[in-house]
Amino acid sequence: MLPESARLLPEPVRRVAAWCVVALLVTGVVVVGVRLCVEFKTAVVPVLLALLGTALLGPLYRRLVRAKVNRSIAAGVTCAAVLAVVGGATYIVVAALIDTGDEIIASLKQAAESLSEHFGAAGTSLDDLASNAKELLGKFGGTAASGVISGISVVGQAIAMAVLALLLVFFFLRDSHRAAGTLRSLVPRGSGDMTEAMARRAYQAVEGFMRGTTFIALIDAICITVGLLVLRVPGAVGLGALVFVGAYIPYLGAFLSGAVAILVALADRGFVIALWALGVVLAVQVLEGHVLQPMIQSRTVQMHPAVVMLAITAGASVAGILGMLLAVPLTAAAFGVIAELRGRYAAPGTSDGPKSPKSPDSPQS
């Protein structure tokens with residue numbers, strides 16, 4: 001029962017107060033959770049990366065299982081395949097950037113000199129950034145080297161986390177059929193169905209986001225690379241690789257990688273070719289926004305661009321570039337959970353649609 005003083009308040013005021021208490025409690029839990037994740041990031045980051053990798057590789061694994069392949073062998077083959085693909089792609093990207101890095105930096109420096117003649121300080125800042133790019137990389141390498149000497153190796157830590165994430169992907173794939181039972185054993189008996197449904201919806205959102213983003217990133221990179229090759233822009237392959245990597249950071253990554261490509265075209269090929277490069281980038285972005293996104297990610301959680309940008313900003317403030325990469329899929333998972341709760345607790349006739357179908361082999365996040 002409410003105390004006498006609370007019952008004297010009007011009903012709308014009591015409702016607002018109740019919602020404020022709930023908001024404060026949820027905010028406190030989120031803040032504590034984020035702080036714990038930051039403190040234990042060496043263990044948390046591999047788990048999150050493994051969940052994203054599992055979401056991306058799940059269809060291949062399930063196809064192997066349906067073909068009567070042993071679960072351990074199927075998981076091992078899937079991990080070996082992704083290791084070969086990621087290793088090969090990394091080699092191609094790094095080799096392309098190394099081969100064309102000097103060309104790109106020189107073109108950016110030339111573009112900065114041209115811009116400084118017309119725009120003053122803005123161009124000078126870009127000139128300084130291009131001139132100091134190698135120096136900054138050298139300082140970063142020196143810092144990493146000193147970390148190795150002092151026993152705090154950034155490179156070693158990254159490799160260890162990558163290996164741990166790959167091992168976790170193997171176990172997540174192999175034991176995915178046990179995920180529902182494990183999840184139910186961790187929650188009170190009466191909330192098992194709801195918890196499993198929320199976990200499935202969150203996982204499906206992340207799975208759809210990862211597959212769709214990878215496919216879209218590949219198409220964007222191929223289209224822009226072909227366009228830059230046709231325009232004979234130097235470093236086209238390296239710029240295409242930059243577009244592919246940047247596509248995993250929605251909106252911001254595409255903007256930055258496209259801007260670099262246009263600046264390189266402006267510096268090396270002139271104003272007219274830069275306009276053509278701008279047209280190529282805009283055409284690819286229009287294709288992505290109006291064709292690829294609706295077609296490929298139509299079954300995933302749709303988020304407003306403002307929500308995506310806020311999620312990216314929050315992720316960057318918490319964990320830098322890694323936070324930017326993880327922010328959007330985690331937000332998609334949260335939207336999936338909210339959609340499931342709305343579907344369960346909405347008034348009759350206001351439900352957003354049928355509940356998501358269950359997949360027997362989908363691991364839970």
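The values are calculated or read from the model by the stated rules, or taken from the named source; none is laboratory data. For clarity, every value in this text was computed on a predicted model and none was experimentally measured. Here the Cβ positions follow ideal geometry from the backbone for every residue, glycine too, while neighbour counts run over all protein chains shown. Side chains included, ligands, DNA and RNA excluded: accessible areas come from the protein's heavy atoms. Shrake-Rupley method; radii C 1.70, N 1.55, O 1.52, S 1.80 Å.
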Open item on the list: Here is a check on your reading of the model: is residue 182 within 22 Å of residue 57 (Cβ to Cβ) and either under 19 Å from the mean Cα position of the chain (by Cα) or open to solvent by less than 20 Å² (accessible area, probe 1.4 Å) (or both)?
Closed with: no
Open item on the list: Here's a check for you: in the stretch 322-347, which residue that is over 19 Å from residue 30 (Cβ atoms) and free of Cβ contacts under 8 Å to residues at least 40 places away in the same chain is most open to solvent (accessible area, probe 1.4 Å)?
Closed with: 345
- [ ] Considering each residue of the stretch 12-67, count those that are under 20 Å from the mean Cα position of the chain (by Cα) and farther than 23 Å from residue 318 by Cα, and give that number.
- [x] 6
Open item on the list: Which count do you get for residues in the stretch 181-236 that are of a type in the set (Gly, Ala, Ser), assigned to a helix (DSSP H, G or I) and within 29 Å of residue 325 (Cα to Cα)?
Closed with: 10
TODO: Would you mind stating whether residue 216 is under 19 Å from the mean Cα position of the chain (by Cα) and modelled with pLDDT of 80 or more?
DONE: yes
Open item on the list: Looking at the stretch 207-235 only, could you name the residues that are free of Cβ contacts under 8 Å to residues at least 40 places away in the same chain and among the hydrophobic types (A, V, I, L, M, F, W, C)?
Closed with: 217, 218, 221, 222, 226, 229, 230
TODO: Run residue 30 past the list (1) open to solvent by less than 60 Å² (accessible area, probe 1.4 Å); (2) without any contact (Cβ under 8 Å) to a residue 60 or more places away in the chain; (3) in a helix (DSSP H, G or I) and report the number of the one that doesn't hold.
DONE: (1)
Task: Failed criterion for residue 259 (all others in (1) open to solvent by less than 50 Å² (accessible area, probe 1.4 Å); (2) under 18 Å from the mean Cα position of the chain (by Cα) hold) - done: (2)
Open item on the list: Against the condition in contact with a helix residue (DSSP H, G or I) (Cβ under 7 Å, 6 or more places away or on another chain), of a type in the set (D, E, K, R) and open to solvent by less than 30 Å² (accessible area, probe 1.4 Å), how does residue 268 come out, does it pass?
Closed with: no
- [ ] Run residue 149 past the list (1) open to solvent by 10 Å² or more (accessible area, probe 1.4 Å); (2) at pLDDT below 80; (3) under 30 Å from residue 66 (Cα atoms) and report the number of the one that doesn't hold.
- [x] (3)
Task: Counted residues, the stretch 6-20 - those being in a helix (DSSP H, G or I), of a type in the set (A, V, I, L, M, F, W, C) and at pLDDT below 90 - done: 6
TODO: Being in contact with an Asp or Glu (Cβ under 8 Å, 6 or more places away or on another chain), open to solvent by less than 80 Å² (accessible area, probe 1.4 Å), modelled with pLDDT of 70 or more and at negative phi narrows it down to one of 284, 308, so name that one.
DONE: 284
